[in-house]
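Q: Here you go, one structure.
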Amino acid sequence: MSRIDRLFLFLYGRRNLVGTSLALLGLLLFFTGIIRHYWLFIVAGLYALGFLLTPAERRESLTPQGLDVDRIEDALDHLVRAIRQRVPAEVLAKVEGIREAIIALLPELQRQDWEQGHQIHIIRETALSYLPDMLGSYLRLPAAFAQRHPIKDGKTARQLLNEQLDLLDGEIKRIAVDLHRRDLGALVAHGRFLREKFGRSEWDLG
């Protein structure tokens, strides 16, 4: 992420917005004559107070820890609950679609060797790693920044997230087709694609 992007990220950040609001309150008190002396120090102090007392955005996990592969459905349910009130409607709809597609694959996977099967590894990584990491990176961005500020190829984080969710959904559906066909070579290729594409989000803050 460039220095300009990081500057906008700071400006849109919760701590800066709270500090700026308190500083504006201090300016209002000055212009209305309530405070006359040391107004500049008071305004700066109010900004610092708001900035320091506001909790920073947390890097929370969207996936329960220590899950076995037979609890993938629980992890996906947890993920949907965690983002339901925090992402745009179209993002939630796409995540729910991916969840349904993965859950539809689980009965077929249960009839195979879960410990050795390459298929379950692909699905498990998607449910427990790629999808939560992608959404977690997005949610760590301030909402206004994610929706308005272009960060790559003129696209906002919201637009990039929608594109990646579409790619992930299409890949899961192709995996389903190949799984039913028992095409192991194609499954290996799909797994490689998912690792390369979603191993790290394009707007990850590092």
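The values are calculated or read from the model by the stated rules, or taken from the named source; none is laboratory data. As the structure is a prediction and not an experimental result, all values here were calculated from the model. A quick note on method: Cβ atoms are made from the backbone with ideal geometry, for glycine too, and the neighbour counts reach across all protein chains shown. Surface accessibility is based on the protein's heavy atoms, side chains included, excluding ligands, DNA and RNA. Shrake-Rupley method; radii C 1.70, N 1.55, O 1.52, S 1.80 Å.
Q: Go through the stretch 140-168 and report how many residues are surrounded by 15 or more Cβ atoms within 10 Å (Cβ to Cβ) and in contact with a helix residue (DSSP H, G or I) (Cβ under 7 Å, 6 or more places away or on another chain).
A: Selection size over the stretch 140-168: 14.
Q: Filter the stretch 137-169 down to residues that are of a type outside the set (Phe, Trp, Tyr), part of a helix (DSSP H, G or I), modelled with pLDDT under 90 and within 25 Å of ARG15 (Cβ to Cβ), then give me how many there are.
A: Qualifying residue count for the region: 6.
Q: Between a residue in the stretch 157-173 that is in contact (Cβ under 8 Å) with a residue 40 or more places away in the chain and any residue that is part of a helix (DSSP H, G or I) and among the acidic types (Asp, Glu), which pairs come within a Cβ distance under 7 Å, given they are 6 or more apart or on different chains?
A: ASN162/GLU90
Q: Can you find, within the stretch 71-84, the residue that is most open to solvent (accessible area, probe 1.4 Å) among those that are more than 15 Å from MET134 (Cβ to Cβ) and not acidic (Asp, Glu)? Break it down into steps so the answer makes sense when it comes.
A: Initial filter on the stretch 71-84 (more than 15 Å from MET134 (Cβ to Cβ)): 71-74, 77-78, 81, 84.
Subset that is not acidic (Asp, Glu): 71-72, 78, 81, 84.
Values: ARG71: 110, ILE72: 1, HIS78: 60, ARG81: 156, ARG84: 103 Å².
Top of the filtered list is ARG81.
Q: Can you pull out every residue in the stretch 85-103 that is open to solvent by less than 20 Å² (accessible area, probe 1.4 Å) and over 17 Å from GLY136 (Cβ atoms)?
A: Scanning the stretch 85-103 gives a single hit, ILE102.
Q: In the stretch 8-29, which residue that is surrounded by fewer than 17 Cβ atoms within 10 Å (Cβ to Cβ) and farther than 30 Å from THR156 by Cα is modelled with the lowest pLDDT?
A: Filtering the stretch 8-29 for residues that are surrounded by fewer than 17 Cβ atoms within 10 Å (Cβ to Cβ) and farther than 30 Å from THR156 by Cα, the one modelled with the lowest pLDDT comes out as LEU29.
Q: Now for a separate question. For the stretch 31-56, enumerate the residues that are loosely packed, with under 15 Cβ neighbours inside 10 Å and of a type in the set (Phe, Trp, Tyr).
A: The answer is PHE31, TYR38, PHE41.
Q: Oh, and also: Which of (1) touching a Gly at 6+ places or on another chain (Cβ under 8 Å); (2) modelled with pLDDT of 85 or more; (3) closer than 28 Å to GLU100 by Cβ does GLU60 not meet, given it meets every other one?
A: (2) is the only condition that GLU60 fails.
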